[in-house]
Amino acid sequence: MTQHFIVIGNPIAHSKSPEIHTLFAAQSGIDISYQRQYCPDDAASLNAVIEAFFQGGGVGANVTVPFKQVAYDCCVARGGLSEHAKVAGAVNTLLLNQALLKNGTPIAQAIYGDNTDGQGLVNHITSLGWPLMGARVALIGAGGAARGVILPLIEAGIAELTLANRTLNKATALVTELSAASATINKQQIKTCTTDDLKGDFDTIINATSIGLSGDTLPLSDELKCHYAYDMMYGRELPFLQHFAVCGAQTSDGYGMLIGQAALSFERWTGHTIDVVQITKALQAH
Ligand code: ATR
């Protein structure tokens with residue numbers, strides 16, 4: 001029997017998710033349909049789309065820009081949230097809470113939210129052979145993208161995290177908020193500074209800002225060094241990576257994170273584990 005999935009966004013025509021999940025299904029030997037779902041940019045419309053999809057027998061949905069926070073609110077009011085979604089304050093994966101359904105809760109009240117973005121990053125970094133256990137990591141940015149990866153990085157065993165942002169008080173507020181939201185996040189383990197002031201030797205530096213969209217470049221100090229540089233953006237020239245490549249660091253864009261977060265959603269929905277390296281090669285060959 002065909003299992004139905006959607007990705008909800010606005011805009012949505014550009015989404016690569018259907019192509020990615022179709023490859024996952026072929027690798028797993030299961031029959032799925034995965035469609036792009038446009039939704040007007042308001043909470044009532046998102047709730048209506050989600051409810052209609054699950055009432056109609058849908059198995060799982062991805063949520064993308066601009067709906068990740070609204071999907072979070074939807075799940076707070078319904079079937080609950082995973083720890084990663086709670087701390088991220090955002091949901092990218094929806095499914096039905098089977099325990100609630102067994103109790104007789106109506107489908108519309110059993111919609112559960114997870115967030116696989118941060119673990120997708122961690123899995124991609126690990127697959128590159130870049131060590132995280134005991135690593136000194138700098139994360140640049142204090143928006144939604146940064147927020148979603150802090151707990152998974154700490155769970156991966158990093159030794160210390162420096163959070164740098166153009167606006168310092170956003171970084172300090174984020175650390176205060178996240179350490180209150182999760183017992184795993186220890187405020188003492190996270191330093192904050194402005195991006196200008198980020199200096200020293202790190203194992204890994206991750207760019208979680210949206211600067212790649214604007215064509216501007218981050219003000220990176222000459223005294224900032226790393227072995228590995230990761231930009232969560234992909235699909236364009238990334239001056240951040242060029243800067244560290246010239247200094248001899250290994251670099252990666254965020255394309256593998258995109259595949260990684262999708263694979264975790266698919267695994268959550270279907271129970272099938274994905275060989276992400278093989279899928280990434282297949283997609284890059286296209
Ligand atoms: P997202 O949800 O994708 O993380 P966001 O919440 O808008 O997007 O956050 C964007 C991040 O990129 C912020 O950390 C922002 O820095 P500020 O908090 O100082 O605004 C950072 N950013 C965006 N444009 C930037 C630029 N030109 N220079 C430096 N940082 C920039």
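The values are calculated or read from the model by the stated rules, or taken from the named source; none is laboratory data. Note that this is a predicted model, so its numbers are computed, not measured. No Cβ is skipped: glycine too gets one built from the backbone with ideal geometry, and neighbour counts run over all protein chains shown. Ligands, DNA and RNA are excluded from the accessible area calculation, which covers all protein heavy atoms including side chains. Shrake-Rupley method; radii C 1.70, N 1.55, O 1.52, S 1.80 Å.
Here are a few things to note about the model shown:
- Looking across the stretch 176-195, the residues that are surrounded by 20 or more Cβ atoms within 10 Å (Cβ to Cβ) and closer than 17 Å to N207 by Cα come down to I190, T192, T195.
- Residue satisfying condition, being touching a residue at least 40 places away in the same chain (Cβ under 8 Å) and among the β-branched types (V, I, T), within set T126, T204: T204
- Counting the residues of the stretch 239-262 that are open to solvent by 40 Å² or more (accessible area, probe 1.4 Å) and either in a helix (DSSP H, G or I) or not polar (S, T, N, Q) (or both) gives 8.
- Test result for S265, free of Cβ contacts under 8 Å to residues at least 24 places away in the same chain and open to solvent by less than 50 Å² (accessible area, probe 1.4 Å): no
- Single residue of the stretch 26-83 satisfying the filter (assigned to a helix (DSSP H, G or I) and open to solvent by 70 Å² or more (accessible area, probe 1.4 Å)) that is nearest to A180 (Cα to Cα): E83
- Among residues of the stretch 218-238, those that are farther than 21 Å from W130 by Cα and either open to solvent by less than 40 Å² (accessible area, probe 1.4 Å) or assigned by TED's automatic domain parsing to the domain that holds V63 (or both), counted: 3
- Residue list for the stretch 128-152, restricted to those being assigned to a loop (DSSP other than H, G, I, E, B), open to solvent by 10 Å² or more (accessible area, probe 1.4 Å) and within 10 Å of the ligand (Cβ to nearest atom): A142, G143
- Here G215 fulfils each of the conditions (1) crowded, with 22+ Cβ neighbours inside 10 Å; (2) within 13 Å of the ligand (Cβ to nearest atom) apart from (1).
- Any hit, the stretch 172-180, residues being in contact (Cβ under 8 Å) with a residue 60 or more places away in the chain, in a helix (DSSP H, G or I) and farther than 19 Å from L258 by Cα: yes
- L198 meets all of the listed conditions (1) surrounded by fewer than 21 Cβ atoms within 10 Å (Cβ to Cβ); (2) within 15 Å of the ligand (Cβ to nearest atom); (3) more than 20 Å from the chain's Cα centre (by Cα); (4) not in a helix (DSSP H, G or I) but one, namely (1).
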